[in-house]
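Some notes on the structure that comes next.
The values are calculated or read from the model by the stated rules, or taken from the named source; none is laboratory data. Just so we're clear, the structure is a prediction, and the values are computed from it rather than from any experiment. Heads up, the Cβs are rebuilt from the backbone with ideal geometry, glycines too, and the neighbour counts pull from every protein chain shown.
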Amino acid sequence: MEKSQIKSGAVFSYLSIFTNIVVGLLIAPVMLKYLGDTECSLYNLIGALVGYISVLDFGISNAIIRYVAKYRLEKKEQEQQHFLGMAFVLYSFFAALVIAVGLIVSPFLPKALSSSAYTAADVQKALLMFRILIANLAFSLLANAFPAIMNGYGRFSFQKIVTWLRTIVRIVLLVVLLIVGFDSVAIVVLDTMLNIATAIIFALYVFKGLGVRISFGKMDFAMMHEITRYSFYIFLDMLINQIYWKLGQLVLGVVSASPIEINAFAYGMTIPNYYIMISTALATMFLPTITKIVTEQDSEKKLTNLTVRVGRIQLLILGLVLVGFLAIGRDFISVWLGERYMAAYYVASSVLIATTIPCIQNIGIVILQVKNQMRFRVFSYLGVCIGNVILSFILSPHFGAIGAAFGTVLSLIVGNILIINLYYHKKIGLDMPCIYRETFKGILPVIIISLGGALIINAFIALSGWIGLLVKGIVVCTLYFAAAWFIGMNCYEKNLVIFPIKRLLMKTKEIK
């Protein structure tokens, strides 16, 4: 059951991610057209600011997945009920904390945005969006427990299907609102309503479908201390990730950068965010599996093998994105957003390259969470992020979006590659030389060959616009798939492609 859930969950995860990518790429120019540069930059800024407050989840969701999986393995139903009761109490506390932080930050927002780029009406609209999003976030915190419980039970498919359908509904309603003439505030209200609807569906599945029970009758304060201690470092890790990906937007807003620079950074970072979504979709579903492995003999070798196996699949998928964007990314940005947003290409390209290794090793983060060893990762990254903040404030006034991206790239290289790899090898017991050797074996040549070939061939394709981009994209995909199949993929990876096709063909014959 668990393996089938992982496979089906992975399929629907990637379907949802593909839908999100297509939707995100299509909706950005639509929003720019109907809202304009200034209002879009306000929407991006407020989203980034609320993103910082969203980490007040304090990593409780991760704790729920870990402990629910643990209690199910140990068949401790009563302990699970009491644990979930305490988790909801903690969520209620953090929801109240989110509202309190929102109330504290709210009066300072107009002053922070009082640059020449925004009018008084713009600032008031930003303030209204902020308040709605804070209320949305407080509710979402309580709702976060339900998908976490499903993950702890190893039930991934239903959650992924609902999330995918929500994306489809959102894009349809969003386009209708924009065409009719509604503004960015309406988009925030729409997202809030969809979050409420999704939470109700998840709650019904957890209580009715899975038969989960929650008990508030016994508060084990020792256990609550253990939960918060486990979650605290995950919270700090989440906070640092927010600094990585959204600091630049806020810095650009504070230093009075133009709306175009703010949007260029926001849209440039959209591509790496999709990159990360693709890699984490697979890794997060292995938390119950890793929870089981760490209790077994020879766990370090098994975890090393799992890291290689998952990392290779991630690299095969991410390699296509990397090659494609480096080869035809300039054409894509030109067609997608226009020449005035070309800085987004340099932002995206630099961050994509820097984040590739962390993305193919992010199952290591899940291992740290299961082993409750997040402390070193968090505090080492905290020091790196301080440098990121300083660099961003120094470079942004002079180099705009590209300057803000440089701090992010440097922190990724130092923190997410150099420091954490040493820790994985020395303290966690992962064989990092083996992981690098086996993960890149065959696939690195594929990336180099297909990128070189794509750059050469595309230089001779004179077509422009969406048609030219489509033709060039087909060339890149063809080169990459051919190189991956004949050079990069091993038998296990080829079978992952062949078996579903054979099964589909067999079912088709049965129907006929």
Exercise. So which residues in the range 271-286 are touching a Gly at 6+ places or on another chain (Cβ under 8 Å) and within 17 Å of Q361 (Cβ to Cβ), if there are any at all?
Worked result: M285
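One line per residue, one yes/no per condition, for (1) touching a strand residue (DSSP E or B) at 6+ places or on another chain (Cβ under 6 Å); (2) surrounded by fewer than 23 Cβ atoms within 10 Å (Cβ to Cβ); (3) among the charged types (D, E, K, R); (4) under 26 Å from Q159 (Cα atoms):
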{"position": "S258", "(1), (2), (3), (4)": "no, yes, no, no"}
{"position": "I278", "(1), (2), (3), (4)": "no, yes, no, yes"}
{"position": "F286", "(1), (2), (3), (4)": "no, yes, no, yes"}
{"position": "T307", "(1), (2), (3), (4)": "no, no, no, yes"}
{"position": "L337", "(1), (2), (3), (4)": "no, yes, no, no"}
Exercise. If you take the residues of the range 149-172 that are modelled with pLDDT of 85 or more and under 24 Å from T289 (Cα atoms), which of them is surrounded by the fewest Cβ atoms within 10 Å (Cβ to Cβ)?
Worked result: V162
For this session: Output the residues belonging to the range 483-512 that are hydrophobic (A, V, I, L, M, F, W, C), out of contact with any Leu (no Cβ under 8 Å at 6 or more places or on another chain) and either closer than 12 Å to D331 by Cβ or modelled with pLDDT of 80 or more (or both).
Result: A483, W485, F486, I487, C491, L496, V497, I498, F499
For this session: Only residues that are over 27 Å from F235 (Cα atoms), among the β-branched types (V, I, T) and in a helix (DSSP H, G or I): list them for the range 94-133, please.
Result: V123
Exercise. Given the structure, is Y480 closer than 28 Å to L444 by Cβ, assigned to a helix (DSSP H, G or I) and at pLDDT 90 or above?
Worked result: yes
Seminar exercise, completed: In the range 141-168, anything under 18 Å from the mean Cα position of the chain (by Cα) and assigned to a loop (DSSP other than H, G, I, E, B) is listed as N144, F156
Exercise. Within the range 173-184, is even one residue acidic (D, E), buried (at least 16 other Cβ atoms within 10 Å of the Cβ), more than 28 Å from R377 (Cβ to Cβ) and in contact (Cβ under 8 Å) with a residue 12 or more places away in the chain?
Worked result: yes
Problem set entry | Residue among A138, A186 that alone is within 23 Å of the chain's Cα centre (by Cα), outside any loop (DSSP other than H, G, I, E, B), of a type in the set (G, A, S) and at pLDDT 80 or above | A138
Problem set entry | the range 288-305, subset of a type in the set (D, E, K, R) and more than 17 Å from R66 (Cβ to Cβ), residue surrounded by the most Cβ atoms within 10 Å (Cβ to Cβ) | K302
Exercise. For residues in the range 216-269 being of a type in the set (D, E, K, R) and at pLDDT 70 or above, which is farthest from A348 (Cα to Cα)?
Worked result: K218
Seminar exercise, completed: Among (1) closer than 20 Å to A454 by Cβ; (2) modelled with pLDDT of 90 or more, R309 falls short only on (1)
Exercise. Restricting attention to the range 277-290, does a residue exist that is in contact with a helix residue (DSSP H, G or I) (Cβ under 6 Å, 6 or more places away or on another chain) and either modelled with pLDDT of 90 or more or closer than 30 Å to G36 by Cα (or both)?
Worked result: yes
